[in-house]
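Structure first, then comments.
The values are calculated or read from the model by the stated rules, or taken from the named source; none is laboratory data. Worth saying up front: this structure is predicted, and the values here are computed from it rather than measured. Don't worry about glycine lacking a Cβ; one is built from the backbone with ideal geometry, like all the others, and counts go over all protein chains shown.
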């Protein structure tokens, strides 16, 4: 299956909405992480619009798909996608990170909003995905479990405990999408603690692993389709992305990992994104 | 005027004490639960023979997952299974079930309030010969401090089975602390265990001794010794450390005038601290804390160690006398 022109338009439009929402949300919160979700927008939009079986109708169906944002600090983009799916009112988005808001600074499990897991501490998400995938297999459910992760998060040892277990249990219903942007809070990942070739690593751990251009929605869609064809192995899709993608002054800048744009910067960013 | 409530003594085991380890009772309770409830899953981290989850693994292999020597991952898997509607028991030795994966327990189990029961064996000094790397003396503290985490420390095999069944029937996270060593059976089979309730094991109004786990039979032995010199010690078993039974503690403080706690655990943060938190704000009385005083254990025979650290009957009796002296001073 390849994307139809209409699907591609829809995904690209959604990714653009994610980027605009992220700028507005982080600007309104005056803190947060804009760079990551801008870079992840294309593969996240592809997942949410073309693959993840999560919508208002099946929200409470026990055998629907599950999603875990392992790199929970990038949740502004996740919240935008949940809003686009109708789970979060658009006007709620700018309450992100504020006192009393359901949109916590890092995701908190919320059955009504479609948030399947609390995250924020790096390394913990993939293990939970393994547990969800095991339960789905045990129950003989068609559930697919998707986990977003990142190159920085791959420095956590627990990721590799989970990777070992997922292959051991033949969790073909588990897919991890790794945002590989070579940036982490303190700077350049390759300089701080190089995780090296994650495709090779996951392959060595017994996974079906591929590298894709994380901004090529057709390639991402093809990788997600290939993951569904697996019958024995879990799948890892290493998405090479540019942090801050879509906003020229944020692209590839470690400084935009965890800093909010001020009003002027937000205006400039939104102007670029609305073209 | 203080109103004395009608008190009921817990039914105790009669005759020659049989000895069973609480981990044995845990293993049997799991097999029982497995038959009753298809939603119960069990995880272990390469210690199923020792933690006694092996019985479940043989009876229900499709619901048992040996996670290998990777406890952090095991706790994440437990959370994932629970998020899909399972009731999950996750086991290892107390050191590796609470110390190593504390953060995963907090973030992935307690924050989303998943139905995961961490049942840890080989807790405390009575691991014996394995020494300080395996003598977990900080786990009650580590688990008690996590919001929403309930903490149960059964005294014997009867109470262990009931505690496991109670934890299974109550949604949300629990920590159940179990022992390696065979210990005397204290309770009779008609004993009723309730989460949040302490049990009155012995009447007395001179001093109250509050104990959990293997220290319960030790406290009873200390009370016998004290009785020989005319001191009547009240003994309270406090398996439910969180939630704790405030009522029974406040009543004991009012009626006995001093309270001593006993646990094979660090003094700081454990049962003693939990009791002190209640009494300091409701019924402040002189207290003594028996446990490990800011030190690690060492290799040796389990019961030699218990004696060495003053946690056997004579050791507790000596501490009780000191507390009584300060109360009367």
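Restricting the search to the stretch B:303-325, which residues are exposed (fewer than 15 other Cβ atoms within 10 Å of the Cβ) and in contact with a strand residue (DSSP E or B) (Cβ under 8 Å, 6 or more places away or on another chain)?
Listed by number, the list holds a single entry, B:322.
Looking at the structure I just gave you, is residue B:78 touching a helix residue (DSSP H, G or I) at 6+ places or on another chain (Cβ under 9 Å) and more than 9 Å from chain A (Cβ to nearest Cβ)? Spell out how you get there, then give the answer.
Working: touching a helix residue (DSSP H, G or I) at 6+ places or on another chain (Cβ under 9 Å): yes; more than 9 Å from chain A (Cβ to nearest Cβ): no.
Taking the combined requirement at face value, the residue does not satisfy it.
Would you mind finding the one in B:90, B:155, B:82 that is in a helix (DSSP H, G or I) and crowded, with 24+ Cβ neighbours inside 10 Å? Spell out the reasoning first.
Numbers: B:90 fails: in a helix (DSSP H, G or I); B:155 fails: in a helix (DSSP H, G or I).
B:82 is the lone residue from the list that is in a helix (DSSP H, G or I) and crowded, with 24+ Cβ neighbours inside 10 Å.
For the stretch B:84-97, does any single residue satisfy the condition of being over 22 Å from residue B:152 (Cβ atoms) and either in contact with a helix residue (DSSP H, G or I) (Cβ under 7 Å, 6 or more places away or on another chain) or in contact (Cβ under 8 Å) with a residue 24 or more places away in the chain (or both)? It would help to see each step written out before you state the result.
Filtering the stretch B:84-97 for residues over 22 Å from residue B:152 (Cβ atoms) gives B:84-85.
Those still in the list that are either in contact with a helix residue (DSSP H, G or I) (Cβ under 7 Å, 6 or more places away or on another chain) or in contact (Cβ under 8 Å) with a residue 24 or more places away in the chain (or both) too: B:84-85.
Yes, the stretch B:84-97 contains a residue that is over 22 Å from residue B:152 (Cβ atoms) and either in contact with a helix residue (DSSP H, G or I) (Cβ under 7 Å, 6 or more places away or on another chain) or in contact (Cβ under 8 Å) with a residue 24 or more places away in the chain (or both).
Of all residues in the stretch A:118-135, count the ones that are more than 7 Å from every other protein chain (Cβ to nearest Cβ), over 23 Å from residue A:83 (Cβ atoms) and surrounded by 24 or more Cβ atoms within 10 Å (Cβ to Cβ).
Here the count works out to 3.
Quick check on my filter: what residues within the stretch B:268-302 are over 21 Å from residue B:241 (Cβ atoms), surrounded by 16 or more Cβ atoms within 10 Å (Cβ to Cβ) and under 20 Å from the mean Cα position of the chain (by Cα)?
B:302
Can you pull out the residues in the stretch B:81-94 that are at the interface with chain A (Cβ under 7 Å from one of its Cβ atoms) and in contact with a strand residue (DSSP E or B) (Cβ under 9 Å, 6 or more places away or on another chain)?
Going residue by residue through the stretch B:81-94, those that are at the interface with chain A (Cβ under 7 Å from one of its Cβ atoms) are B:81, B:83-86.
Passing the criteria: B:81, B:83, B:84, B:86.
Working only within the stretch A:72-117, note down all residues that are more than 14 Å from chain B (Cβ to nearest Cβ), under 13 Å from the mean Cα position of the chain (by Cα) and either crowded, with 24+ Cβ neighbours inside 10 Å or in a loop (DSSP other than H, G, I, E, B) (or both).
A:74, A:75, A:76, A:77, A:78, A:79, A:80, A:81
Quick one: would you say residue A:269 is in a helix (DSSP H, G or I), touching a residue at least 24 places away in the same chain (Cβ under 8 Å) and either in contact with a strand residue (DSSP E or B) (Cβ under 9 Å, 6 or more places away or on another chain) or exposed (fewer than 15 other Cβ atoms within 10 Å of the Cβ) (or both)? Outline the logic, then answer.
Working: in a helix (DSSP H, G or I): yes; touching a residue at least 24 places away in the same chain (Cβ under 8 Å): yes; either in contact with a strand residue (DSSP E or B) (Cβ under 9 Å, 6 or more places away or on another chain) or exposed (fewer than 15 other Cβ atoms within 10 Å of the Cβ) (or both): no.
For residue A:269, the condition - in a helix (DSSP H, G or I), touching a residue at least 24 places away in the same chain (Cβ under 8 Å) and either in contact with a strand residue (DSSP E or B) (Cβ under 9 Å, 6 or more places away or on another chain) or exposed (fewer than 15 other Cβ atoms within 10 Å of the Cβ) (or both) - is not met.
Of these, B:4, B:18, B:53, which one is surrounded by 18 or more Cβ atoms within 10 Å (Cβ to Cβ) and either more than 21 Å from residue B:88 (Cβ to Cβ) or modelled with pLDDT of 95 or more (or both)? Steps first, please.
On the way: B:4 fails: surrounded by 18 or more Cβ atoms within 10 Å (Cβ to Cβ); B:18 fails: surrounded by 18 or more Cβ atoms within 10 Å (Cβ to Cβ).
None of the others qualify; the one that does is B:53.
Regarding the stretch A:166-175, can at least one residue be identified that is within 26 Å of residue A:62 (Cα to Cα) and more than 14 Å from chain B (Cβ to nearest Cβ)? Full working, then the answer.
If we filter the stretch A:166-175 for residues that are within 26 Å of residue A:62 (Cα to Cα), which is where we start, we get A:166-175.
Applying the additional criterion that residues be more than 14 Å from chain B (Cβ to nearest Cβ) yields A:172, A:175.
Yes: one or more hits.
Is the stretch A:28-44 home to any residue that is in a loop (DSSP other than H, G, I, E, B), surrounded by fewer than 24 Cβ atoms within 10 Å (Cβ to Cβ) and free of Cβ contacts under 8 Å to residues at least 60 places away in the same chain?
No: the stretch A:28-44 contains no residue that is in a loop (DSSP other than H, G, I, E, B), surrounded by fewer than 24 Cβ atoms within 10 Å (Cβ to Cβ) and free of Cβ contacts under 8 Å to residues at least 60 places away in the same chain.
Just to be sure, is residue A:67 buried (at least 23 other Cβ atoms within 10 Å of the Cβ), touching a residue at least 24 places away in the same chain (Cβ under 8 Å) and within 14 Å of chain B (Cβ to nearest Cβ)? Before the answer, list the steps.
Numbers: buried (at least 23 other Cβ atoms within 10 Å of the Cβ): yes; touching a residue at least 24 places away in the same chain (Cβ under 8 Å): yes; within 14 Å of chain B (Cβ to nearest Cβ): yes.
Judged against the criteria, residue A:67 is a match.
Can you spot a residue in the stretch B:50-62 that is within 17 Å of residue B:118 (Cβ to Cβ) and part of a loop (DSSP other than H, G, I, E, B)?
yes
Check B:119, B:123, B:97, B:72 and return the single one that is modelled with pLDDT of 95 or more and either out of contact with any strand residue (DSSP E or B) (no Cβ under 6 Å at 6 or more places or on another chain) or within 14 Å of another protein chain (Cβ to nearest Cβ) (or both). Reasoning before the result, please.
On the way: B:119 fails: either out of contact with any strand residue (DSSP E or B) (no Cβ under 6 Å at 6 or more places or on another chain) or within 14 Å of another protein chain (Cβ to nearest Cβ) (or both); B:123 fails: either out of contact with any strand residue (DSSP E or B) (no Cβ under 6 Å at 6 or more places or on another chain) or within 14 Å of another protein chain (Cβ to nearest Cβ) (or both); B:97 fails: either out of contact with any strand residue (DSSP E or B) (no Cβ under 6 Å at 6 or more places or on another chain) or within 14 Å of another protein chain (Cβ to nearest Cβ) (or both).
Step by step, each of B:119, B:123, B:97, B:72 is checked, and only B:72 is modelled with pLDDT of 95 or more and either out of contact with any strand residue (DSSP E or B) (no Cβ under 6 Å at 6 or more places or on another chain) or within 14 Å of another protein chain (Cβ to nearest Cβ) (or both).
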